[in-house]
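I have placed the structure first, in the form of structure tokens, so that the comments after it can refer back to it.
The values are calculated or read from the model by the stated rules, or taken from the named source; none is laboratory data. Please read these numbers as outputs of a predicted model, since none were measured by experiment. Heads up, the Cβs are rebuilt from the backbone with ideal geometry, glycines too, and the neighbour counts pull from every protein chain shown.
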Amino acid sequence: MNRGLLAVSHRFTSVWYRDTYVYAKRWKTNLLPPLLEPFIYLFGLGVGVGHFIDQIEGVDYLAYVAPGIVATTAILRATFECTYGSYFRMAFQGTFDSIISTPVNVEELSLGEIMWGATRSLINVVTVVALLFAIGVVPIAWILPVLALQFLAGINFGAMSLFVTSRVRQAEYFNFFLSGLIFPAQFLTGAFFPLDRLPELVQPIAWVIPLTSIIDLTRGMMLDRLGMHSLLELAYVLATTVIFLEIALRGMRRRLIG
């Protein structure tokens with residue numbers, strides 16, 4: 001019997017549709033509150049801190065920090081959706097048990113959850129990118145590639161998060177994952193300042209985190225600074241995404257089936 005990605009068929013889209021439908025029914029409360037955080041970051045860092053920093057790496061601080069805010073918005077939304085959101089549907093609502101009693105298998109359920117997490121992150125990212133385009137930070141030619149990369153980032157961190165969900169027994173344990181990895185990663189991956197400002201021993205560790213490559217690729221698109229190294233970064237993000245997907249799907253099978 002196939003396991004992991006090999007066990008997935010088109011039925012995962014039914015799970016994605018179900019989550020999308022529930023989200024759309026409560027779109028005001030689901031959409032508006034999460035939008036505040038990236039806009040506060042843009043205003044507080046881009047305008048507030050940017051007032052004291054003329055330029056960084058040859059560009060205004062707002063232009064430098066905007067790609068980091070876009071990328072962190074993508075991974076945070078996917079992370080929260082595939083941790084607390086998925087855990088709630090699994091442990092309290094009984095949604096997962098109901099779904100796998102249908103022809104949808106565990107792997108399809110899991111991929112549907114991950115794809116919905118990435119979709120929800122993209123919804124938030126679109127609004128942020130639209131604002132950045134309006135103020136001239138995102139070139140029109142790079143809007144779609146930037147959005148596609150953020151969707152990939154949502155899949156990457158959504159899969160990582162769902163694997164964590166498959167391992168925890170209480171929602172409080174997510175604090176270790178969020179406070180120990182996700183939140184600190186924002187300050188280790190070049191989102192708000194150049195990586196070369198970090199100690200040399202820390203820089204290789206930062207590059208292990210896929211978010212570093214995602215931010216650098218986003219910044220390369222928005223500032224027209226892509227190069228041959230960008231292909232390596234994209235390959236690394238794609239490779240880690242496939243790995244995280246595989247372990248997430250297998251982890252959820254062990255959790256739900258045993």
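If you go through segment 188-224, how many residues are assigned to a helix (DSSP H, G or I) and either loosely packed, with under 11 Cβ neighbours inside 10 Å or free of Cβ contacts under 8 Å to residues at least 24 places away in the same chain (or both)? Please lay out each step first, then the result.
Pass one, segment 188-224, residues assigned to a helix (DSSP H, G or I): 195-197, 203-208, 210-222.
Imposing the further condition that a residue be either loosely packed, with under 11 Cβ neighbours inside 10 Å or free of Cβ contacts under 8 Å to residues at least 24 places away in the same chain (or both) reduces the set to 195-197, 203-208, 220.
Residues that pass the stated criteria total 10.
Assigned to a helix (DSSP H, G or I), over 25 Å from residue 128 (Cα atoms) and either free of Cβ contacts under 8 Å to residues at least 60 places away in the same chain or not polar (S, T, N, Q) (or both): does that describe residue 157?
no
Select from segment 58-80 the residues that are crowded, with 24+ Cβ neighbours inside 10 Å and of a type in the set (Val, Ile, Thr) and write down the one among them that is farthest from residue 158 (Cα to Cα).
Only one residue fits best here, namely 65.
In segment 126-133, is there at least one residue being in contact (Cβ under 8 Å) with a residue 60 or more places away in the chain and closer than 22 Å to residue 230 by Cβ?
Filtering segment 126-133 for residues in contact (Cβ under 8 Å) with a residue 60 or more places away in the chain gives 127-128, 131-132.
Right, trim to closer than 22 Å to residue 230 by Cβ and you get 128, 132.
Within segment 126-133, one or more residues are in contact (Cβ under 8 Å) with a residue 60 or more places away in the chain and closer than 22 Å to residue 230 by Cβ.
Residue 83 - would you say it is buried (at least 21 other Cβ atoms within 10 Å of the Cβ) and touching a residue at least 24 places away in the same chain (Cβ under 8 Å)? Break it down stepwise before answering.
Numbers: buried (at least 21 other Cβ atoms within 10 Å of the Cβ): yes; touching a residue at least 24 places away in the same chain (Cβ under 8 Å): yes.
Yes; evaluated as a whole, the condition is true for this residue.
Across segment 172-187, what is the total count of residues that are surrounded by 15 or more Cβ atoms within 10 Å (Cβ to Cβ) and assigned to a loop (DSSP other than H, G, I, E, B)?
Total satisfying the criteria: 1.
Would you call residue 141 closer than 19 Å to residue 117 by Cβ, surrounded by fewer than 15 Cβ atoms within 10 Å (Cβ to Cβ), without any contact (Cβ under 8 Å) to a residue 12 or more places away in the chain and of a type outside the set (Lys, Arg)?
Numbers: closer than 19 Å to residue 117 by Cβ: no; surrounded by fewer than 15 Cβ atoms within 10 Å (Cβ to Cβ): yes; without any contact (Cβ under 8 Å) to a residue 12 or more places away in the chain: yes; of a type outside the set (Lys, Arg): yes.
It is false that residue 141 is closer than 19 Å to residue 117 by Cβ, surrounded by fewer than 15 Cβ atoms within 10 Å (Cβ to Cβ), without any contact (Cβ under 8 Å) to a residue 12 or more places away in the chain and of a type outside the set (Lys, Arg).
Hey, any hits in segment 78-91 for a residue that's under 14 Å from residue 124 (Cα atoms) and among the hydrophobic types (A, V, I, L, M, F, W, C)?
The initial filter retains those residues of segment 78-91 that are under 14 Å from residue 124 (Cα atoms), namely 78-81.
In the following step, the residues that additionally are among the hydrophobic types (A, V, I, L, M, F, W, C) were identified as 78, 80.
Yes, segment 78-91 has at least one match.
Working carefully through the options 39, 52, find the one that is modelled with pLDDT under 90, surrounded by 14 or more Cβ atoms within 10 Å (Cβ to Cβ) and under 30 Å from residue 135 (Cβ atoms).
Values: 52 fails: surrounded by 14 or more Cβ atoms within 10 Å (Cβ to Cβ).
Going through 39, 52 in turn, the sole match is 39.
Does segment 101-119 contain at least one residue that is free of Cβ contacts under 8 Å to residues at least 24 places away in the same chain and assigned to a helix (DSSP H, G or I)?
Filtering segment 101-119 down to residues free of Cβ contacts under 8 Å to residues at least 24 places away in the same chain leaves 101-102.
From what is left, the residues that are assigned to a helix (DSSP H, G or I) are none.
Taking every residue of segment 101-119 in turn, none turns out to be free of Cβ contacts under 8 Å to residues at least 24 places away in the same chain and assigned to a helix (DSSP H, G or I).
Inside segment 139-157, can you point out the residues that are among the small types (Gly, Ala, Ser) and either touching a His at 6+ places or on another chain (Cβ under 6 Å) or over 11 Å from residue 122 (Cβ atoms) (or both)?
To start, the set of residues in segment 139-157 that are among the small types (Gly, Ala, Ser) comprises 141, 148, 153-154.
Answer for segment 139-157, where residues must be among the small types (Gly, Ala, Ser) and either touching a His at 6+ places or on another chain (Cβ under 6 Å) or over 11 Å from residue 122 (Cβ atoms) (or both): just 141.
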